[in-house]
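One structure is given below, encoded as structure tokens.
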Amino acid sequence: MKKLSYLIIAIVVVCLISVCFIGCAEKADGTVVVTDMMNREVSVTPGSYSRVLCLGAGALRLYSYVGDVSLLCGVEAIDNTTAENRPVMFDGVSRPYQMAFADTFNTLPICGIGGPNDQKPNYDKILDCNPDIIITQYSDKDVVNKMQSTLNIPVVAVAISDADVFGQKFQESLLLLGKIFNKSERATELNTFVDSQLSLIETKVNSIDVASQKKVYICGLGNWGTTNELMTAQNYGLFNVAKINNVVTGLTKDGIQGIEAEKFMDLAPNMDAIILDAAAVKNIKGKAENIARLQATKAWQDGEVYLEMAYNAYYTNIEIALINTWFAAKSVYLDLFTDIDIEAKTTEITTAFLGKDLNAAIKAKPQSFGGYQKINTATFFA
């Protein structure tokens, strides 16, 4: 009898726990509570949204990777090339998400200006678009909370990491979007693709002793489009994946930053190769002092300067960063990557991310300067 009583009690407890768990996880109307990338709890109803708005640098890009762009009810002016008085600083740069869906974006009403100088909500414009959910990559939690309380709709924050663009924040953001928009299979598929690409690179360079390899300078990394040959990074994520020996060490912090001209010149004789980000070219062309610094490097004198595409243009283009990783690895370790054609790789990656082959479109952008290449140092800046 006592054992039977214990069994009945156990069954009741299990039932109560199950009811509680189901009730906490999902309400009768399908609403669930998700934790966004600002660690905010937001109530959403997956698959119920038909009017989506994306605000802030990078939000529309991440949504475009996973979501249905036909559900968008507006875009920032920076992403609609027909809008008047719009920021144009990135128009000459490859932004694959904008290039892939320009026909859609250009038909949508404007929900705000966008761009690096306008990272705040325009409530009048937002209300005109009448969204039922907002995806944002604003960095100020108070702004995001106020936006949700003011508009009385879910506002969900996504994010990526500057140091590890392919890492946890990026992948969790995709999974979060997948959950909200019933695109979990798509989010998982893209995360798996990125992991597989990184694994392929890592397998090829696995046996390399980094310290014994040529020293490479990552040159001209973008920071809101303002950059030159002095902008660089140590502990650079893309180099870490490809096991590239970064000549820049000893800085007080990681991440994209400018170094002193004296530091650059100290490093110049040890730069066996340079990977030049296309974002910097427009700020170096025609400037004798900047070009002279590059000409003083061993890499320039040996003809070992390579052009990658700008991957920071209204925040980070993840697919460009991934192609850049392949390109840097191939440029530094040519013998290990003879089977890799960068144009074919660009096609593969842009198709995986956005469903379209954007290789030709990327090369055609004015600030791509002809695309991935080994630079002719005698003529490139002429």
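The values are calculated or read from the model by the stated rules, or taken from the named source; none is laboratory data. Remember, it's a predicted structure, so these values are computed and weren't measured experimentally. In this analysis, Cβ positions are derived from the backbone assuming ideal geometry, glycine residues included, and neighbour counts consider all displayed protein chains.
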**Message:** Any residue that is out of contact with any Lys or Arg (no Cβ under 9 Å at 6 or more places or on another chain), assigned to a loop (DSSP other than H, G, I, E, B) and among the aliphatic types (A, V, I, L, M) - is there at least one of those in the range 222-232?
**Reply:** no
**Prompt:** Which residues, taken from the range 355-369, are in contact (Cβ under 8 Å) with a residue 40 or more places away in the chain and either small (Gly, Ala, Ser) or over 16 Å from Tyr97 (Cβ atoms) (or both)?
**Reply:** Gly355, Ala361, Pro366, Gln367, Ser368, Phe369
**Complete:** Considering only helices (runs of 4 or more DSSP H) wholly within the range 109-221, the ones with at least 3 residues that are farther than 28 Å from Glu84 by Cβ are 141-151, 168-180, 184-204
**Prompt:** Within the bounds of the range 295-308, is there any residue that is within 16 Å of Ser94 (Cα to Cα), at pLDDT 95 or above, surrounded by 19 or more Cβ atoms within 10 Å (Cβ to Cβ) and not small (Gly, Ala, Ser)?
**Reply:** yes
**Prompt:** Looking at (1) in contact (Cβ under 8 Å) with a residue 24 or more places away in the chain; (2) more than 16 Å from Arg61 (Cα to Cα); (3) acidic (Asp, Glu), which is the only condition Asp162 fails?
**Reply:** (2)
**Asked** Would you pick out the residues in the range 52-90 that are among the basic types (Lys, Arg) and part of a helix (DSSP H, G or I)?
**Response** Arg61
